[in-house]
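Colleague: Take a look at this one; I'll ask things after.
Any read-out appearing in this document is the output of simple, stated calculations on the displayed coordinates, not a laboratory observation. Computed from a predicted structure; not experimentally measured. Ideal geometry is used to build each Cβ from the backbone, glycine not excepted, and the neighbour counts take in all protein chains shown.
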Amino acid sequence: MSLWLLRHASPLVAPGTCYGRLDVAADPAATVAAAQAAAQALPQGARLRYSPLQRCVQLAQELLALRPDLAHDATEDPRLMEMDFGVHEGCAWSSIAPELVQAWTDDFSRHRFGGGESVEGMMGRVASAWDAYRLSPPGDEVWVTHAGVARAASLISQGRRSVERADAWPLDGPACGQLLCLP
């Protein structure tokens, strides 16, 4: 039983844009390429869960077209959405005042950056999805999701359900279109 995390393809936003919960489309060609690669790697009959943000829906639909065996239990799951950065959504990271980023860094777990969601809140919702996966009947599960959710799931798979300090948050996450397997 493994959890497969598939990050959406490259979003259609300018480089350096804060786009956590911003509902933007992904590059269509990159989405097809990601779906083709994942279709070759994923085990037969896995359960499919996906974020309702369009960049993940696009990838889930392409994947289902290639792998109809995944459709038996495909479900949109809002717990798999990226973190909400509030008023900073759609802004260039370089335009966000450094003191606002510092306030988030100083209280990394609880601060609601841009008035959006706290890391603690995001970790709680991803932990809820993780727990549902672990309690489900034996079998593989695929999440079509985002880098922040993949990072949170990686921490949760190691038994860590909170992150108090910014320097404890994983910097490495799956690249756009990349598949990651958690045991």
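Colleague: Show me 61-68, 2-9 ranked by packing, highest mean number of other Cβ atoms within 10 Å first. Mind dumping the intermediate values first?
Modeller: On the way: 61-68: 16.6, 2-9: 23.6.
Averaged packing, sorted descending, gives the order 2-9, 61-68.
Colleague: Here is a follow-up. Expressed as an acute angle from 0 to 90° and rounded to the nearest 10, what is the orientation of the C-alpha long axis of helix 28-41 relative to the principal long axis of the chain?
Modeller: Roughly 60 degrees, rounded to the nearest 10.
Colleague: For Ala168 and Ser136 in one chain, what is 0.36 nm times their gap in residues minus the Cα-Cα distance, to one decimal in nm?
Modeller: Working: separation 32, 0.36 × 32 = 11.52 nm, distance 2.96 nm.
So the chain would gain 8.6 nm between Ala168 and Ser136.
Colleague: Continuing with this model, one more query. Which percent, to the nearest 5, of DSSP beta bridges fully inside the chain are antiparallel?
Modeller: Values: 6 of 17 bridges.
Bridges in the chain that DSSP calls antiparallel: roughly 35 percent.
Colleague: Further question on the same structure: Sort Ser94, Ser118, Ser51 so that the residue with the fewest other Cβ atoms within 10 Å of its own Cβ comes first and the one with the most comes last.
Modeller: Values: Ser94 9, Ser118 18, Ser51 25.
Lowest count first: Ser94, Ser118, Ser51.
Colleague: Moving on to the next point. Measuring from the lowest to the highest alpha carbon on each principal axis, how far does region 92-152 reach, largest first, in angstroms?
Modeller: Rounded to whole Å, the extents work out to 47, 21, 15 Å.
Colleague: Give me His88, His111 ranked fewest to most by other Cβ atoms within 10 Å of their Cβ, as a rough exposure proxy.
Modeller: Working: His88 23, His111 17.
Least crowded to most crowded, the residues run His111, His88.
Colleague: On alpha carbon coordinates alone, what is the Rg over Rh value for region 125-183, Rh being the Kirkwood radius?
Modeller: Values: Rg = 11.8 Å, Rh = 12.3 Å.
Reported Rg/Rh, Kirkwood definition of Rh: 0.95.
Colleague: Indicate the gyration tensor shape class of the chain (rounded, prolate or oblate), computed on the Cα atoms with a ≥ b ≥ c the square roots of the eigenvalues: a/c under 1.5 is rounded; otherwise a/b larger than b/c is prolate and the rest oblate.
Modeller: On the way: a/c = 2.28, a/b = 1.41, b/c = 1.62.
Oblate, because a/c is 1.5 or more while a/b does not exceed b/c.
Colleague: Right, here's the next one. In debye, nearest 20, what is the charge dipole magnitude of the chain about its Cα centre with +1 on Lys and Arg Cβ and -1 on Asp and Glu Cβ, if you could check?
Modeller: On the way: 15 positive and 21 negative charges, 56 e Å.
For this selection, approximately 260 debye.
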